[in-house]
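Please read the structure below before turning to the comments.
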Protein chains: 2
Amino acid sequence: MGAGDDEFRWIRVAAALVQGTEAPASLDRPGAIAEQRTRAKSVGARLLVAEDDGYPSQLRSIPAPPPFLFLRGELRGEDALAVALVGSRQATAYGIGTAERLAEDLAACGVTVVSGFARGIDTAAHRGALRGGGRTVAVLGSGVDVIYPPENRRLVDQVLKAGALLSQFPMGTPPLQHHFPLRNRTIAGMSLGTVVVEAAEQSGALITAGHAGELGREVFAVPGNINSATSRGAHRLIQDGAKLVQGWDDVIAELPEVWRRCLKEPGATRAASPPGGDEGRLLAFLSTEPMHIERLIEQSNLPSGRAAALLLTLELRGWVRQLPGQMYVQTRPM
Amino acid sequence: MGAGDDEFRWIRVAAALVQGTEAPASLDRPGAIAEQRTRAKSVGARLLVAEDDGYPSQLRSIPAPPPFLFLRGELRGEDALAVALVGSRQATAYGIGTAERLAEDLAACGVTVVSGFARGIDTAAHRGALRGGGRTVAVLGSGVDVIYPPENRRLVDQVLKAGALLSQFPMGTPPLQHHFPLRNRTIAGMSLGTVVVEAAEQSGALITAGHAGELGREVFAVPGNINSATSRGAHRLIQDGAKLVQGWDDVIAELPEVWRRCLKEPGATRAASPPGGDEGRLLAFLSTEPMHIERLIEQSNLPSGRAAALLLTLELRGWVRQLPGQMYVQTRPM
């Protein structure tokens, strides 16, 4: 162990671990802290306690903030302009597309997108922020050295380059079910507002939104098809007073800090500019109702090879999505 | 012309016609009223003035109600439990399905569904009410003897058997653009609340909702996919305070008069009961994301002929909708 301040910080961890209900039995023993140090070092994780400058300022201000955080990557001052974007693991294509686009637009506007690194909406939120060339923070329900779900391993590297992985749990902690409500409170606590994209009636995203409300932060929800089970939670939130979100502008309209910053950032308009030329022509025939490619070719009067190429470009740029059976839908308003 | 009371009523019509900005030039001449009488008689239309018992009571209570109405069919006392269901002419399959289902469920619950007989959502609302075995009133922007759109001619007979056609315009009046805002105020005025199903940002349905709000009536809106232009108006209404509607129960929750009535009506539960057996099994595989019939057959393990038959039944009962390319979607939650 080191000396002075550093030692004090690690003792804080040890005390929290032993006293907290979250203490894994394995940490309440000699050598556990040394092992934590070794594990942290091996993945380049830093320890932050609430008194540290690097500890997220909004999170510090909530009642009973996490006594320590492990951090991989980097937190910057600008990450105080954070918005949480959360939702269902069992997301629909609509939810995924919407989360990616919202995150992209918010990130391009200088907002740090915070989410929980879970399957579905959370992953889409991190990916969208990266696509927008902005910053993103993943708050885990496991140790920062335990990556779950496994298919997100490659995403870790991208997040580390453009933000951070954070956890209030000791190194090596597995992603247990009862960690997620605590993690969700941290997500809400470090963010100016929380946007729920898709959520079933009983879901972790609603818990995060509930924390945001209790902490006096803004709560937002994206509506959807009323027949979609994964939109029912979002609709319930709106019925209970959450702001209905149709796009990034509805989010920043409620967050003056972000709004002022955004006006200075040219990136915001970049993300919103619709495609022109033949791409735009083709897109004008599409809507949220699936249309078969043959009908699209017929209506647009474009050669079929050309139409297929344009559709691929539009899909890569996030404007359309291909459904099974050569059907296409538009995924964002022009 | 007749004598006494009857003559007085027709004189009211004549006066309103001549004084009003709406007076067609052709009526400001001798013989016009006699022609109105003849036209009314030929389609079995009755004239109602605001003092008449048959004049809709909610409509009578608004400032400057229409001085007279022409009525085809029948208005009953129970039609005071009226809810307006309005929306876009350019509706999507989602909007049409939602309007039909909401109208069906409300009608089965004893609500009279009021709408404007226009293409799209309005027509779906009338059809849904008829399917629910309930009552419906069509308020026209033309004379009650001028049926527009022409494809709704057959629907007239069905509406007349289960409700009424109403108009504040003289017999023979064509469906002119500037009539619709006045007609929309009548729709809102005779209803306890107005539900907007799909509406673009500039649309007549929003005018109807605006009137409902000004008249102190409830305003409801059904959310949808945020990429759908026809949901943007509904979303704007919710942002401005309209109640978000996921189903008929969200509407009646705000209308105690209806709610009390509904508890006595067994029909309400009928409309909501989900299909069982193989129908229910098949439906469980469907969602709001389109699925190809082959995949559905594969997943459900049902013989293909059986699956096709079940899908047809489910579609007729309003649970699923077929999209182009043998794709199926669920159109109401189970």
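Some values worked out for this structure:
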{"quantity": "Residues that are within 14 Å of chain B (Cβ to nearest Cβ), charged (D, E, K, R) and assigned to a loop (DSSP other than H, G, I, E, B), drawn from the stretch A:197-233", "calculated": "A:GLU198, A:GLU201"}
{"quantity": "Qualifying residue in the stretch A:246-259 (condition: in contact with a His (Cβ under 6 Å, 6 or more places away or on another chain), under 30 Å from A:PRO63 (Cα atoms), at pLDDT 85 or above and at the interface with chain B (Cβ under 10 Å from one of its Cβ atoms))", "calculated": "no"}
{"quantity": "Count of residues meeting criterion [within 23 Å of B:ALA107 (Cα to Cα) and either facing another protein chain (nearest Cβ under 8 Å) or among the polar types (S, T, N, Q) (or both)] in the stretch B:234-245", "calculated": "3"}
{"quantity": "Within the stretch A:199-224, tally of residues that are at pLDDT 95 or above and within 21 Å of A:GLN90 (Cβ to Cβ)", "calculated": "5"}
{"quantity": "Hits in the stretch B:322-334 - residues which are facing chain A (nearest Cβ under 10 Å) and under 30 Å from B:ASP249 (Cβ atoms)", "calculated": "B:LEU323, B:MET327, B:VAL329, B:GLN330, B:THR331, B:ARG332, B:PRO333, B:MET334"}
{"quantity": "Residue under evaluation A:ALA271, criteria (1) more than 14 Å from chain B (Cβ to nearest Cβ); (2) on the phi < 0 side of the Ramachandran plot; (3) at pLDDT 90 or above, criterion not met", "calculated": "(3)"}
{"quantity": "Matching residues, the stretch A:75-96, being under 15 Å from A:VAL113 (Cβ atoms) and over 14 Å from the mean Cα position of the chain (by Cα)", "calculated": "A:LEU75, A:ARG76, A:GLU78, A:ALA80"}
{"quantity": "Residue among A:LEU182, A:LEU237 that is under 17 Å from A:GLY116 (Cα atoms) and in a helix (DSSP H, G or I)", "calculated": "A:LEU182"}
{"quantity": "Hits in the stretch B:121-155 - residues which are assigned to a helix (DSSP H, G or I) and among the hydrophobic types (A, V, I, L, M, F, W, C)", "calculated": "B:ILE121, B:ALA124, B:ALA125, B:ALA129, B:LEU130, B:LEU155"}
{"quantity": "Count - residues of the stretch A:243-254 that are in a loop (DSSP other than H, G, I, E, B) and buried (at least 24 other Cβ atoms within 10 Å of the Cβ)", "calculated": "1"}
{"quantity": "Every residue from the stretch B:69-85 that is within 21 Å of B:GLU257 (Cα to Cα) and touching a residue at least 12 places away in the same chain (Cβ under 8 Å)", "calculated": "B:LEU75, B:ARG76, B:GLU78, B:ASP79, B:ALA80, B:LEU81, B:ALA82, B:VAL83, B:ALA84, B:LEU85"}
{"quantity": "Residue within the stretch A:298-315 that is touching a Ser or Thr at 6+ places or on another chain (Cβ under 8 Å) and either more than 30 Å from A:ALA80 (Cβ to Cβ) or modelled with pLDDT under 80 (or both) present", "calculated": "yes"}
{"quantity": "Selection status of A:GLU78, surrounded by fewer than 23 Cβ atoms within 10 Å (Cβ to Cβ), assigned to a helix (DSSP H, G or I) and not aliphatic (A, V, I, L, M)", "calculated": "yes"}
{"quantity": "Checking A:GLY210 against (1) touching a Phe, Trp or Tyr at 6+ places or on another chain (Cβ under 7 Å); (2) closer than 22 Å to A:VAL111 by Cα; (3) of a type in the set (Gly, Ala, Ser), the condition it does not meet", "calculated": "(1)"}
{"quantity": "Only listed residue being among the charged types (D, E, K, R) and within 23 Å of B:LEU81 (Cα to Cα), chosen from B:ARG185, B:ARG153", "calculated": "B:ARG185"}
{"quantity": "Set B:LEU27, B:LEU47: member being surrounded by 15 or more Cβ atoms within 10 Å (Cβ to Cβ) and at pLDDT 75 or above", "calculated": "B:LEU47"}
{"quantity": "Count of residues meeting criterion [of a type in the set (Asp, Glu), surrounded by 14 or more Cβ atoms within 10 Å (Cβ to Cβ) and either closer than 25 Å to A:THR288 by Cα or within 11 Å of chain A (Cβ to nearest Cβ) (or both)] in the stretch B:275-320", "calculated": "2"}
{"quantity": "Whichever residue in the stretch B:285-334 is touching a strand residue (DSSP E or B) at 6+ places or on another chain (Cβ under 7 Å) and of a type in the set (Gly, Ala, Ser) and, among such residues, is nearest to B:PRO275 (Cα to Cα)", "calculated": "B:SER287"}
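The values are calculated or read from the model by the stated rules, or taken from the named source; none is laboratory data. From a predicted model like this one, the values you see are computed outputs, not experimental measurements. For neighbour counting, all protein chains shown are included, and Cβ atoms are generated from backbone atoms with ideal geometry for every residue, glycine included.
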